[in-house]
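The values are calculated or read from the model by the stated rules, or taken from the named source; none is laboratory data. Treat the numbers as computed from the prediction; the structure is a model and nothing was measured. We place every Cβ from the backbone using ideal geometry, glycine too, and count neighbours over all the protein chains shown. Areas reflect the complete protein model, heavy atoms only, side chains present, ligands, DNA and RNA absent. Shrake-Rupley method; radii C 1.70, N 1.55, O 1.52, S 1.80 Å.
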Amino acid sequence: MYCVGDKVVHPMHGAGIVKDMKEIELSGVKREYYVVCFAVGNMISDIPVDGCEKIGIRDVIPKDEARKVLEFFHGHEVGNDINWNRRQRENIVKLKSGDIYQVAGVLKELMCREKRKGLSTSERKTLGSAKQIVLSELILSEVADETDIEMILDDSVAEAIELKNKA
């Protein structure tokens, strides 16, 4: 169970802070909810306390783990082109996993693809989701502020594209 002030991650919305707890009655059934304010996107969501495990709510990673995520992002090799439809399905599965490393890999792949070739509408939406998920968790882990994190990600992508062009 989480408390007000705890930092949590929702697999599809990213990281946020539990701002409040409240009881909501629906169809005569009362349930407890966390009120979570997400770090990126100014979104607030009510998450049922008894559904957290099923949804995949987890703690935000600590600062040292966030550094490892940035190192992973920097070193992650962008894969070869595959059918966009298959790639999109695989990316959605990775986003839903709640695993920050899988989401960071999706983010780098899509950021590189966007710079090199552009993205379809659905991939652009997936890129936005992946970026929100990764940024919000790294921000709440306090590894760096949003501007610095975005600069690190952009520099890693530029370097990856340069290396790919040389190959």
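Residues that are in a strand (DSSP E or B) and among the acidic types (Asp, Glu) within the range 1-41 comprise 20, 23, 25, 32, listed in sequence order.
Residue 38: in contact (Cβ under 8 Å) with a residue 24 or more places away in the chain, under 21 Å from residue 132 (Cβ atoms) and buried (at least 19 other Cβ atoms within 10 Å of the Cβ), yes or no? Yes, satisfied. Residues that are crowded, with 17+ Cβ neighbours inside 10 Å, in a helix (DSSP H, G or I) and touching a residue at least 40 places away in the same chain (Cβ under 8 Å) within the range 64-99 comprise 66, 69, 70, 73, 95, listed in sequence order.
Please find, within the range 12-35, the residue that is farthest from the chain's Cα centre (by Cα) out of those that are of a type in the set (Val, Ile, Thr) and open to solvent by 40 Å² or more (accessible area, probe 1.4 Å). Among those that are of a type in the set (Val, Ile, Thr) and open to solvent by 40 Å² or more (accessible area, probe 1.4 Å), it is 29. For the range 44-63, the candidate set comprises residues that are under 12 Å from residue 10 (Cα atoms) and of a type in the set (Lys, Arg); within that set, the residue that is surrounded by the fewest Cβ atoms within 10 Å (Cβ to Cβ) is 54.
Quick check: is even one residue across the range 1-11 within 30 Å of residue 156 (Cα to Cα) and open to solvent by 50 Å² or more (accessible area, probe 1.4 Å)? Yes; the residues of the range 1-11 include at least one that is within 30 Å of residue 156 (Cα to Cα) and open to solvent by 50 Å² or more (accessible area, probe 1.4 Å). The single residue among 143, 103 that is outside any helix (DSSP H, G or I) and surrounded by 18 or more Cβ atoms within 10 Å (Cβ to Cβ) turns out to be 143. Counting only residues that are among the small types (Gly, Ala, Ser) and within 9 Å of the chain's Cα centre (by Cα), the range 129-148 holds 3 of them.
Checking each residue in the range 113-140 for being farther than 29 Å from residue 5 by Cβ and either among the charged types (D, E, K, R) or part of a helix (DSSP H, G or I) (or both) picks out 113, 114, 115, 116, 117, 121, 122, 123, 124, 125, 126, 127. For the range 122-138, filtering for residues that are over 14 Å from residue 149 (Cβ atoms) and open to solvent by less than 10 Å² (accessible area, probe 1.4 Å) leaves 2.
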